[in-house]
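**Student:** This is the structure I want to talk about, given as structure tokens.
FYI, it's all coordinate maths here, none of it is from the lab. Since we're looking at a predicted model, the values are computed, not measured. Every residue, glycine among them, receives a Cβ derived from its backbone with ideal geometry; neighbour counts consider all protein chains shown.
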Amino acid sequence: MEKALTTRQLTLNYDRTTIIRDLNVEIPAQQITALVGANGCGKSALLKGLARLLKPQTGAVYLEGTAIAKLSTKAVAKQLGLLPQSPVAPEGLTVRELVAQGRYPHQGWLQQWSKEDDQFTESALAITGMEELADRPLENLSGGQRQRAWIAMALAQNTDILLLDEPTTFLDLAHQIEVLDLLYDLNRTQGRTIVMVLHDLNQACRYADYLVAMYQGTIFAQGVPGEVMTEAMVREVFGLESRIVRDPVAGTPLCIPISQRSASRKDCA
Amino acid sequence: MTMGKSWVTIRSPDFPFSVRLDRRTPLIWAILAIASLVVFVISTAYGEYPISSLDVVKTLLGLDTGNPDHAFIIYTLRLPRVITAFLVGIGLAIAGTILQGLTRNPLAAPEIVGVEAGAALAAVALIVLFPSIPIYLLPLAAFLGASLTALMVYLLAWDRGSSPIRLILVGVGIGAMTGALTSLMITFGDIYDVSQALVWLAGSVYGRTWEQIQALLPWLLCFVPLSFFLARELNTLNLGDDVARGLGSPVEWRRGLLILTCVALSGSSVATAGTIGFVGLMAPHLSRQLVGTPHEGLMPTAALVGGLMVALADFLGRSLFAPIELPCGVVTAAIGAPYFLYLLYRNRNA
């Protein structure tokens, strides 16, 4: 299978602490990959490393075979888009103005707003269903709408690869599903490679083609959700006892955590 | 030129040039330009020797008004002052716009992060320590002072990359220290030189001649267009460092270039007219209300608003309590300080 991004012996530091050590991972092209793991396991750091936001201490990240550090940052930005965790827009910025920012890597000092820029902006607004709200300032939108606006910005960038750091944080359940459905459609209809950090294991299993479970800065397991998602993995990675059952809606693995309390409740009943 | 739903696009068919502006921008620019002309004429007409506005316009157009004194009064005495006020306002407003965009903080301004204090210290030091120095060196000294302060702030705030919040905090501290040094200079300097420096520190365009304009103009001609080109970069940095990097912006380089522009503009403005406070704070803020957040339109709008603001402040300072003259820095502070408090209050309750 074709690989969009690969890392070889990648070591990443935050300040002087090593977060990720000698990590090898291959992100399949045109699929949805979810990075999961406990807090502090390095999944966000890995995403930042893939997006060239963190410089490797050793090792390298390869974008379709070329070391990312050897490419100009603008050239990378034409192939790879990034949505950091809970980004903040300046006050008063409208949705359309935000989405237009996605065109930055395609512009120059003089050529600041080509016809193409216009087309990609409008189509990003259309795909994300933000046309109606395009002239509203971001601060007047709901959390889900705001997240859709940011995704539209990343879409206007028109990259084959899209990296997202916890795109569903701070959203209620309905809006989480709305955002994930949107990403799923983008992948299925346009063939974009999507890599995202997700907190919710069950959502990761439902939406991802490829699951990467991380533990203390290394990869614990990777593969299709049906193989990676086991009771043993959840025990090792999260330190949690669980049962894995079949999701009655999607047919994907569903993790039911077991706590002392839920066990005792059953006893009472 | 095409009108879209919310913005106008200007594209050249045979030259790779295009730019996008908020649709309100052309009208706002026209209004500001007309308002500026009106203030120019009224301010030039006003003075101890009254000249009618019509005669001012006639003289400026090169027509004979029948009074040979008019040309001298207008061209030699009054016009340089009005033009200086306008130019200084442009410089301060753009510097403020850049700083607010970079720090993502609507309360940031060159006087708040210590850049103006550094320029003032260098200029006061020059006036007090070397009173015989020629006037055209003042902008250079002020620029160096502003650069040194900015560099110091930037380096002290650096921690594996520059962060907007640290820039502000360190800037406030350095600004206070620089201000103390300026006070020290004034306390121990020669009384005549000190009084010169004090007049200048209050922020005034009193008695400015073409000579000062000649010293200031090259700075503006170089850095104002540069700031317009950098507007798009500022938009990107305004979304936060991670998003900007993701979009392919060489963040540290662009931020460095923008800080240099900001320092050059505020330094040369301060060198020409002293510290005229709150223009760099108010002009970008008012302009954002007029044409929105994107900097392609905001930057020129803020420049016009800033120019208009200082020109108007100078006119008010001369006319409100005539024959007593208030320095325009006092007028902008009288309006700006409450405005700053209002912004603080609004930010806290947002």
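**Student:** Going through the DSSP H helices of chain B, which span 20 Å or more along their own axis at the Cα atoms while scoring at least 0.0 as a mean Kyte-Doolittle hydropathy?
**Tutor:** Membrane-span-like by this rule: B:25-45, B:79-103, B:115-129, B:137-156, B:164-188, B:210-229, B:251-273, B:295-319, B:328-348.
**Student:** Once you place label points 7 Å from the Cα toward the Cβ at residue B:209 and residue A:218, how far apart are they in nm?
**Tutor:** Here the answer is 7.9 nm between the modelled labels.
**Student:** Subtract the Cα-Cα distance of residue A:16 and residue A:235 from 0.36 nm times their separation in residues, and report this length gain in nm to one decimal.
**Tutor:** 75.9 nm is the gain from fully extending residue A:16 to residue A:235.
**Student:** P(r) tail for chain B, what percent of Cα pairs lie past 38 Å?
**Tutor:** On the way: 10618 of 61075 pairs.
Summing the P(r) tail past 38 Å for chain B gives 17 percent.
**Student:** Compute log10 of I(q)/I(0) for the protein assembly as shown with the Debye formula, placing one identical point scatterer on every Cα and leaving out solvent, at q = 0.05, 0.08, 0.11, 0.12 Å⁻¹, to two decimals.
**Tutor:** -0.29, -0.67, -1.05, -1.17
**Student:** Once the dipole of chain A is set up with Lys and Arg at +1 and Asp and Glu at -1 on Cβ about the Cα centre, which of A:191, A:210, A:155 lies farthest towards its positive end?
**Tutor:** It is A:210.
**Student:** Another question, then. Taking the Cα centre of chain A as the origin and placing charges on Cβ (Lys, Arg +1; Asp, Glu -1), which of A:143, A:107, A:60 is farthest toward the positive end of the dipole?
**Tutor:** Final value for the positive-end residue is A:60.
**Student:** Counting only helical runs of four or more DSSP H residues, what would the 222 nm mean residue ellipticity of the protein assembly as shown come to if each run contributes -39,500 (n - 2.57) and the total is spread over all its residues? Kindly include the intermediate steps, with their values, before the conclusion.
**Tutor:** Working: 25 runs with 338 residues, N = 619.
Mean residue ellipticity, 222 nm, calculated: -17500 deg cm²/dmol.
**Student:** Take the alpha carbon atoms of the range A:197-234, find their center, do the same for the range B:1-59, and report the distance between the two centers in whole angstrom.
**Tutor:** One Cα centre to the other: 60 Å.
**Student:** With a Förster radius of 30 Å, plug the Cβ-Cβ distance of residue A:115 and residue A:3 into 1/(1 + (r/R0)^6) and report the FRET value to the nearest 0.05.
**Tutor:** Details: r = 34 Å, r/R0 = 1.13.
Plugging the Cβ-Cβ distance into 1/(1 + (r/R0)^6) gives 0.30.
**Student:** Which distance in nm do the two modelled labels at residue B:57 and residue A:88 give, with both placed 7 Å along the Cα-to-Cβ direction?
**Tutor:** 5.0 nm
**Student:** Could you tell me whether the range B:70-222 comes out rounded, prolate or oblate from its Cα gyration tensor? Rule is a ≥ b ≥ c as square roots of the eigenvalues, rounded for a/c under 1.5, then prolate if a/b exceeds b/c, otherwise oblate.
**Tutor:** oblate
**Student:** Determine the dipole magnitude for the range B:1-94: charges of +1 sit on the beta-carbon of Lys and Arg, -1 on that of Asp and Glu, nothing else is charged, the reference point is the Cα centre, and the result goes in debye to the nearest 20.
**Tutor:** Using only the charged Cβ atoms, the result is roughly 580 debye.
**Student:** Could you calculate the contour length gain from residue B:345 to residue B:42, that is, 0.36 nm times the residue separation minus the distance between their Cα atoms, to one decimal place in nm?
**Tutor:** 105.5 nm
**Student:** Still on this structure, please answer the following. What FRET efficiency do you get for residue B:76 and residue B:107 if R0 is 41 Å and r is their Cβ-Cβ distance, rounded to the nearest 0.05? Working shown, then result.
**Tutor:** Numbers: r = 41 Å, r/R0 = 0.99.
E(calc), rounded to 0.05, equals 0.50.
**Student:** Would you mind checking which residues have amide H under 5 Å from residue A:81's amide H? H placed 1.01 Å from N; only 5 or more apart, or other chain.
**Tutor:** Residues meeting the criterion, in which the H sits 1.01 Å from N, are A:161, A:162, A:163.
**Student:** Using R₀ = 56 Å, calculate the FRET efficiency as 1/(1 + (r/R₀)^6) where r is the Cβ-Cβ separation of residue B:330 and residue A:135; round to 0.05.
**Tutor:** On the way: r = 41 Å, r/R0 = 0.73.
Once the sixth-power term is evaluated, E becomes 0.85.
**Student:** Moving on. Report, in degrees rounded to the nearest 10, the 0 to 90 angle that the Cα long axis of helix A:173-190 makes with the longest principal axis of chain A.
**Tutor:** That helix lies at roughly 60 degrees to the long axis.
**Student:** Now a separate question. Which distance in nm do the two modelled labels at residue A:227 and residue B:199 give, with both placed 7 Å along the Cα-to-Cβ direction?
**Tutor:** Label at residue A:227, label at residue B:199, 8.5 nm between them.
**Student:** Could you order peptides A:152-159, A:177-184 by the average number of other Cβ atoms within 10 Å of their residues, highest first?
**Tutor:** Highest mean packing first, the order is A:152-159, A:177-184.
**Student:** On to the next question. To the nearest 20 debye, what is the magnitude of the charge dipole of the range A:71-188 about its Cα centre, counting +1 on the Cβ of each Lys and Arg and -1 on the Cβ of each Asp and Glu? Working shown, then result.
**Tutor:** Values: 9 positive and 17 negative charges, 78 e Å.
Computed about the Cα centre, the dipole is about 380 debye.
**Student:** Another one. Could you give the distance between the Cα centres of the range B:193-208 and the range B:273-350, to the whole Å?
**Tutor:** The range B:193-208 and the range B:273-350 have Cα centres spaced 20 Å from each other.
**Student:** Want the number for residue A:72 to residue A:259: 0.36 nm per residue separation, take away the alpha-carbon distance, what's left?
**Tutor:** 62.3 nm
**Student:** Would you tell me the mean number of C-beta atoms belonging to other protein chains that fall within 10 Å of each C-beta in A:102-112, as a whole number?
**Tutor:** 6
**Student:** Lys/Arg Cβ at +1, Asp/Glu Cβ at -1, dipole of the protein assembly as shown taken about the Cα centre: which of A:259, B:73, A:34 is farthest positive-ward?
**Tutor:** A:259
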